[in-house]
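The values are calculated or read from the model by the stated rules, or taken from the named source; none is laboratory data. Everything quoted here is computed from the prediction, not taken from an experiment. In this analysis, Cβ positions are derived from the backbone assuming ideal geometry, glycine residues included, and neighbour counts consider all displayed protein chains.
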Amino acid sequence: MRAKFPIDLKTPEEIHPRTSRAALHDFASWHSGATIIPELTTPPSKTDKRNGPVAVIDDDLNPGRCWVIDGSFGQIGIRLSGAISITHITVEHVDKDLVDTVITAPKTLLVWGIPKAYIFDWKDMGRMVSESGLTYGPGTSHPQFTFLLLASLRYDIASPNNRQTFLIKHPHVPMSFEGVVIEVLENWGGETTCLYGIRVHGFMATETVI
């Protein structure tokens, strides 16, 4: 999945303190009604099929309870439990004190928003994206969906926090998203990549037709 234009997004810093995440509702939780979008999700590892991609949204960070993909590149599509304006993304990995290594953790990730289909047409979206400075482009994995690039993230395995939350800045874009694609561009050196958890936070956007 690639944008039509060069990616020019500043990587957001992890927010602090850790307790600030407690009040953030997770719209990507399986328990709240979120689901995996199979056609936007990389096939699982050929050698480790213990868990399906739903492991990424089931709120379980026990060692081994992750979705494994071969290599350091892949993506997962998540249909959110509601259409929201996205404000934060949380990337989770197992606590490094519980395992021998965390080099299979994702390192660089792109966050693609899937706009609520019936609200915007391409003309309106192009105008709004141009005004906001965001980068957009249709995904290559499925022509049915439209994507808007929201952020480039860096998960830090040296951080004391295995749950890392990032502020998503897309000001002046009153757009609601019904799903996201999290694209992993690289991991920390592992032959496979383990995704333990993705959380998507925000608020229910006003459904105003532009």
Just wondering, is there one or more residues in the stretch 106-118 that are more than 27 Å from residue 188 (Cα to Cα), outside any strand (DSSP E or B), modelled with pLDDT under 95 and of a type in the set (Lys, Arg)?
yes
Filtered residue count, the stretch 33-54, keeping only those that are within 17 Å of residue 190 (Cβ to Cβ) and either in contact with a Pro (Cβ under 6 Å, 6 or more places away or on another chain) or crowded, with 17+ Cβ neighbours inside 10 Å (or both):
4
Could you tell me which residue of the stretch 2-23 is modelled with the lowest pLDDT, considering only residues that are within 17 Å of residue 182 (Cβ to Cβ) and part of a loop (DSSP other than H, G, I, E, B)?
3
Could we say that residue 64 is surrounded by fewer than 17 Cβ atoms within 10 Å (Cβ to Cβ) and not charged (D, E, K, R) here?
yes
